[in-house]
Amino acid sequence: MDLGLKDRVYVVTGGGRGLGLAAARELAAEGAKVVVSGRTAATVDAAAAEMGGPERALGVVADNADPATAETLLATARTRFGALDGVLISVGGPPAGAAADMTDEQWLAAFQSVFLGAVRLARSAAASLGEGGVIGFVLSGSVREPIPGLAISNGLRPGLAGFAKTLAAEVGPRGIRVVCLLPARIDTDRVRELDSLAGDPDAARAGHAARIPLRRYGTPEEFGRTAAFLLSPAASYLTGIVLPVDGGALHSL
Ligand SMILES: NC(=O)c1ccc[n+]([C@@H]2O[C@H](COP(=O)([O-])OP(=O)(O)OC[C@H]3O[C@@H](n4cnc5c(N)ncnc54)[C@H](OP(=O)(O)O)[C@@H]3O)[C@@H](O)[C@H]2O)c1
């Protein structure tokens, strides 16, 4: 199947590592041009170099919590590659912790980067994308099922899914799609950090894997291929969806 990604242009935030990088890699491998962003120059520059250098990929240092980031990234895509066909919004996860323990400061910081940063980028993209454009959100299984010990994620992600669904209905008539991905236990730095919070990371990982129907963590490549498909013209009739990428871990239908 041809995904139709050749020379299409995407912005991928949080694209220097983890799930964002995995998605950007697959987009680039299918011939797309990508702007990858993150807060660390060395990481986004290395990612861009690996994906083909200045003609195919560009790293931009930008924090999703910064109100200027959305316009900077979209303008960079148009200036450098002459077009914009889609965005994928990934960002570092909020701090782990129990509902009773999280402070106002932690909620506000997470809201700025995880929630408002995503809303701003999606809103700007919706205003500037044309027919065939796509807006993707990397969310979490916590959209459907609260995860013990991740109170802020459990609080913010379902709201973002509601925003995405609302936006999908608004921009659908213009031929723009909006999709959400719900990863769970994809083997990235984030998941390794969460596992290390439980005194024995190997035991934590084994315990999680035992509760996943496929009995293992997902690879970033498995997530990246799913994201690249959803962002591609091959997925042209998919919008307003939330797709778990979790080896069957969610219990709901
Ligand atoms: N992996 C999973 O199975 C899983 C499961 C559920 C939910 N999620 C969620 O999916 C998202 C991506 O997960 P991941 O596993 O890829 O995490 P990760 O390995 O921690 O990578 C996060 C990426 O986002 C960048 N980033 C962090 N804060 C940023 C900010 N404020 N602005 C711009 N870029 C930022 C990081 O680069 P810099 O640090 O250089 O900025 C890094 O490239 C997270 O929100 C995570 O909570 C992941």
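We did not get these values from a lab; they are worked out from the coordinates using the rules stated. Note that this is a predicted model, so its numbers are computed, not measured. Glycine also receives a Cβ, built like all others from the backbone with ideal geometry; neighbour counts cover every protein chain displayed.
Summary table below
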| item | result |
| --- | --- |
| Given charges at beta-carbon only (K, R positive; D, E negative), |dipole| of region 135-253 in Debye | 340 debye |
| Environment charge of THR40, counting only residues whose C-beta is closer than 14 Å and scoring Lys/Arg +1, Asp/Glu -1 | -1 |
| Gain on full stretching of the segment that runs from ASP2 to VAL61 - 0.36 nm per residue minus C-alpha separation | 18.1 nm |
| Mean Cβ count within 10 Å, highest first, over the residues of peptides 55-64, 32-41, 210-219 | 32-41, 55-64, 210-219 |
| Cβ-defined net charge surrounding GLY133, 12 Å radius [Lys, Arg +1; Asp, Glu -1] | +1 |
| For region 9-243, the spread of Cα positions along each principal axis, largest first, Å | 49, 35, 34 |
| Gained length - GLN112 relative to LYS165, 0.36 nm times residue gap less alpha-carbon distance | 17.1 nm |
| Set of region 74-118 residues, backbone N closer than 19 Å to the point 7 Å along the Cα-Cβ line of ALA234 | 85-88 |
| FRET efficiency estimate (nearest 0.05) - Cβ-Cβ, ALA41 to ILE147, R0 41 angstrom | 0.80 |
| Helical segments meeting 24 Å axial Cα length and Kyte-Doolittle 0.0 threshold in the chain (DSSP H) | 151-171 |
| Helix-only [θ]222 nm of the chain, DSSP H runs n ≥ 4, -39500 (n - 2.57) each, per residue, nearest 500 | -13000 deg cm²/dmol |
| Length released on extending from LEU250 to ALA49, taking residue separation times 0.36 nm less the Cα-Cα span | 68.7 nm |
